[in-house]
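Okay, structure first, notes after.
The values are calculated or read from the model by the stated rules, or taken from the named source; none is laboratory data. A quick note: this is a predicted structure, and the numbers were derived from the prediction, not measured. Cβ: placed from backbone, ideal geometry, glycine included. Neighbour counts: every protein chain shown. Remember, those area values only see protein heavy atoms, side chains included, never the ligands or the DNA or RNA. Shrake-Rupley method; radii C 1.70, N 1.55, O 1.52, S 1.80 Å.
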Amino acid sequence: MTPSDKTCFVPEHILRMSPYSSARDEFPGERDHITFMDANELPYSLHRLPAGINRYPQSHTQRLKERLAAIKGVPAGRIFTGNGSDEIIDLLMRCFAQHGEDEIMVFPPVFSMYSNRAQANNLGVVEVPLDERFRIDAAQALARCGSKTRMLFVCHPNNPSGNLQDEQTIIRLLEGFDGLVIVDEAYIDFCPQKSVLPLLDQYPGLVVLQTFSKAFGLAGARVGIAYASEQILAVMEKVRCPYNLSTSSAELAVEALNSHAEFRLSTERIRHLRRQLVTALNDMPLVEEVYPSEANFLLVKTTDGPGLYRHLVSHGLVVRLRHGRSGCDGCLRITVGTAEENQRLLDAWRRYGEPGTPEAENRPARARESDPSEGRFAGVGQTESSPGEAQLPAAKSQGQADVPPRRHTASRSSLETSVVVHINLDGAAYSNISTGIGFFDHMLEQIARHGAVDLEVITEGDLHTDPHHTIEDTAITLGSALLEALGDKRGLERYGFALPMDDSRAMVLIDLGGRSHLEWDCPFNAPQIGGIPASLFRHFFGSLAASARCNIHVQASGDDDHHKIEAVFKAFARALRMALQRNQSGILPSTKGMF
Ligand SMILES: *Cc1c(COP(=O)(O)O)cnc(C)c1O
C-alpha cells in the first residue's frame, strides 16, 4: 500500500514551519570532551539530585527507542516518545488536522481524551457508537467518514469496556479509510499477542499508541509511545516541543523494560486477580453483567450504578462511574487492585443497603462518620479526597492489625539469569511459575500448593547451555524471598516435619531458626529426572537452605525417581507449612515490645 494524499495530509502552517534546533544538534562527535556553555543550564547538579540532571535530555530518549526497537521488532526510526500518550494524541491532532475545519471519529463509549483533545484543537468529533457488545461496526464507520475526517481513534482493548476489536475490523478500517487510523493500545500489555503492531509495515496510515502508564506501572513518569511510518514521525518530530520527555522518565522507562521478568510476573498476577474479581462480582448483589475484559479493569453493569458508586465512596473506595455514557447504563468501571483491595471492595459492596449504611439511613455520604464496629476499615480515608492512601493489613490478618504481612519480592540478575520471586506466606496457594523447565515448574508448584503459600517465580535464563544456573539462581532467590518474608519471625513455629507415603517415601525436616544446613539422603536411579540432572535437586535444596538460612533434612526412598522427587517437594512444602505457622502468643503484642 502506498500512502494517499489524505494519509499524508498536513495543514499548510505545519508544512511551512521550520523545526527548532539547538546548538547541540549541530555538534557531532563525542560529548565527553565537550564543554557545554550553550543552553544556559547550571554547570553542575545540586548535590542531592542525580548527576547530569542539570543538562537538557539528549541521548536518553534514543536509548529508550533502541530498547523498544529490540523488544518490539520495530526500527527505532519508527518510534516516537511523548509525555504520556495524552501528549501524543494532542500532537497528532496538531500535526494532521486543520483546526476549525477538520474532524476526528471516535467509537463511544470510549476514552474521553480523544474528544477532549479535539475540543482543545477546535476539531469536530464524529461519534459512531459501538454495538451492544462494544464492537465497531466498520461499514457504518466508513460510511460516516467524510472528506474532513482526518483520523479514527480505535481503543484496543477498549476503555471502559475492556474488550478488543476484531483484527479484521481494524483491517477493514485501514483499507477503507484513507486518513490515519490510530489504534490506542494502552492496555495491550495485558494481552500482548493481540497487538496490531505487526500491521505497521503494511498500512502507512496506521499509528499505534502504547504507554508505560498501565502495565508497566509508570503512570507518574508520563511516558507514551507511538509507532508509525517515518513520514508521519517526521512531522511529529518537527512539531513536538523540544525535550518533551524528561531524562528521568526515559531512564525509568528503560528500567521498566529491563525488569522484564517482574513485568511478566506482574501482568500474569493482574490477570489472575481479574479472573478472581470477575467470579466474585458475578455473585454480588445488583450485578447484571460483568463484561469480558482483556485489560486491568472491569466494566460492571448494575441495577443502581450511581447509588453503588456513592456507597463505595462512603467506604473510602473510588471506582469510575460510567453510568450515562453510551451503552453504559448502571455501569461502574473497576480497576483490578491487590487481593486486599479487591476484598475491601467486595466487602463494602456486599453491605450495600444494609442497615447502618448511608443509603439505608439516607444520610449524605460525605457526612458519614466512621463506624467503630468496622474495625477492619480503621484508618481508611472516609472522605473523597484521600481514598487510595490507606494501607490495609493482608486479608488473612484482618483483626490482627499489628501483624505485619509476611510477603516479599526478591530479584536477582546475573549474566546467566534474571529471576524474580514473590512469596506470600499467608497466601492461598496461588502459584505462577515459569522457569523455562516444565518439570521444575511442576515441582515449585508443589511448594505453593502443599505449603499453602502464594508463590510466583519467573526465571529467564541461559537454558540452551544447561539448567544449572536456572535452578541454582531460582533457589537462591526463593530462599532470600522466604527469609525476608519471615521478617522478625515473631511467634513462628519454626520447626516442621512431614512424611508423605505415596508409592515413594519422603521425609523432610525443617528448622527456620536461622542456621543453614542441608542433610540429603535421596539416592536416584537415573542420572536425569524430567530432563534435569538428578544432582541438581540436591543443589537446589542446598542453595535454598543457604539463602533462606534454614536447616533442611531430606530422606527419600522408592523405585520411581519421578515420584520420589515429587514426594520430596511435597514433603518439603508440608514441613514448611507447619514451620510457618504462627502461634497466638507471638501474634499478640508482647508487653516487652510495647514499653
Ligand atoms: C490510560 C490510558 C492512556 C494512557 O495515557 P498516558 O497519557 O500515557 O498516561 C491512553 N489511552 C487510554 C485508552 C487509556 O485508558
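Taking into account only those residues within region 53-73 that are touching a residue at least 40 places away in the same chain (Cβ under 8 Å) and over 25 Å from the mean Cα position of the chain (by Cα), which is farthest from the ligand (Cβ to nearest atom)?
Within region 53-73, the match that is farthest from the ligand (Cβ to nearest atom) is Arg55.
Out of Gly307, Gly327, Gly337, which single residue is open to solvent by less than 20 Å² (accessible area, probe 1.4 Å) and assigned to a loop (DSSP other than H, G, I, E, B)? First the steps, then the outcome.
Numbers: Gly307 fails: assigned to a loop (DSSP other than H, G, I, E, B); Gly327 fails: open to solvent by less than 20 Å² (accessible area, probe 1.4 Å).
Exactly one of Gly307, Gly327, Gly337 is open to solvent by less than 20 Å² (accessible area, probe 1.4 Å) and assigned to a loop (DSSP other than H, G, I, E, B), namely Gly337.
In the list Leu245, Leu277, Leu273, which residue meets the criterion of being among the aliphatic types (A, V, I, L, M), part of a loop (DSSP other than H, G, I, E, B) and at pLDDT 95 or above?
Being among the aliphatic types (A, V, I, L, M), part of a loop (DSSP other than H, G, I, E, B) and at pLDDT 95 or above holds for just one of Leu245, Leu277, Leu273, which is Leu245.
I need the full set of residues from region 183-240 which are over 19 Å from Thr267 (Cα atoms), charged (D, E, K, R) and crowded, with 21+ Cβ neighbours inside 10 Å, in order please.
Arg222, Arg240
Go through (1) open to solvent by 40 Å² or more (accessible area, probe 1.4 Å); (2) modelled with pLDDT under 95 for His442 and report which single condition fails.
If we test His442 against (1) open to solvent by 40 Å² or more (accessible area, probe 1.4 Å); (2) modelled with pLDDT under 95, just (2) comes out false.
Can you list residue pairs whose Cβ atoms sit under 9 Å apart, with the first residue in region 272-288 being on the phi > 0 side of the Ramachandran plot and the second being in a loop (DSSP other than H, G, I, E, B) and open to solvent by less than 40 Å² (accessible area, probe 1.4 Å)? Count only pairs 6 or more apart in sequence or on different chains.
Filtered contacts from region 272-288: Leu286/Gly330.
Scanning region 10-27 for residues that are open to solvent by less than 100 Å² (accessible area, probe 1.4 Å) and in a loop (DSSP other than H, G, I, E, B), which turns out modelled with the lowest pLDDT?
Ser22
Looking only at region 235-271, which residues are over 13 Å from the mean Cα position of the chain (by Cα) and among the polar types (S, T, N, Q)?
Matches in region 235-271: Asn244, Ser246, Thr247, Ser248, Ser249, Asn258.
Within region 35-72, count every residue that is within 30 Å of Glu230 (Cβ to Cβ), in a loop (DSSP other than H, G, I, E, B) and at pLDDT 95 or above.
Qualifying residue count, region 35-72: 0.
In the set Ala526, Ala546, which member is over 21 Å from Ala448 (Cβ atoms), part of a loop (DSSP other than H, G, I, E, B), aliphatic (A, V, I, L, M) and open to solvent by less than 60 Å² (accessible area, probe 1.4 Å)?
Ala526
What strands (runs of 3 or more DSSP E) completely inside region 97-204 contain at least 3 residues that are within 13 Å of the ligand (Cβ to nearest atom)?
Correct list: 149-155, 180-184.
Among the listed residues Gly451, Gly461, which satisfies the condition of being open to solvent by less than 20 Å² (accessible area, probe 1.4 Å) and not polar (S, T, N, Q)?
So the residue among Gly451, Gly461 that is open to solvent by less than 20 Å² (accessible area, probe 1.4 Å) and not polar (S, T, N, Q) is Gly451.
Please work out which residue is modelled with the lowest pLDDT, limiting yourself to region 348-359 and to residues that are on the phi < 0 side of the Ramachandran plot and open to solvent by 20 Å² or more (accessible area, probe 1.4 Å).
Filtering first and then ranking leaves Glu359.
Name the one entry in Arg538, Arg515, Arg577 that is at pLDDT below 95, out of contact with any Pro (no Cβ under 7 Å at 6 or more places or on another chain), on the phi < 0 side of the Ramachandran plot and among the basic types (Lys, Arg). Step through it out loud before you land on a result.
Numbers: Arg538 fails: at pLDDT below 95; Arg577 fails: at pLDDT below 95.
Of the residues listed, the single one that is at pLDDT below 95, out of contact with any Pro (no Cβ under 7 Å at 6 or more places or on another chain), on the phi < 0 side of the Ramachandran plot and among the basic types (Lys, Arg) is Arg515.
Counting only residues that are touching a helix residue (DSSP H, G or I) at 6+ places or on another chain (Cβ under 7 Å) and in a loop (DSSP other than H, G, I, E, B), which one in region 465-501 is surrounded by the fewest Cβ atoms within 10 Å (Cβ to Cβ)?
Leu499
Six or more apart or on different chains, Cβ atoms under 6 Å: show the pairs whose first residue is in region 101-112 and closer than 15 Å to Met151 by Cα and whose second is of a type in the set (Ser, Thr, Tyr) and within 11 Å of the ligand (Cβ to nearest atom).
Close Cβ pairs satisfying both conditions: Val106/Tyr114.
If you take the residues in region 74-96 that are in a loop (DSSP other than H, G, I, E, B) and open to solvent by 50 Å² or more (accessible area, probe 1.4 Å), which one is nearest to the ligand (Cβ to nearest atom)?
Filtering first and then ranking leaves Asn83.
Could you identify the single residue in Val403, Val420 that is of a type in the set (A, V, I, L, M) and more than 19 Å from Glu268 (Cα to Cα)?
Val403
Look at Ser213 and say whether it is among the polar types (S, T, N, Q) and more than 15 Å from the ligand (Cβ to nearest atom).
It is false that Ser213 is among the polar types (S, T, N, Q) and more than 15 Å from the ligand (Cβ to nearest atom).
Take the conditions outside any loop (DSSP other than H, G, I, E, B) and out of contact with any Phe, Trp or Tyr (no Cβ under 9 Å at 6 or more places or on another chain) and apply them to Val207. Does it pass?
no
Could you check, for region 189-199, whether at least one of its residues is of a type in the set (A, V, I, L, M) and under 16 Å from Asp131 (Cα atoms)?
No.
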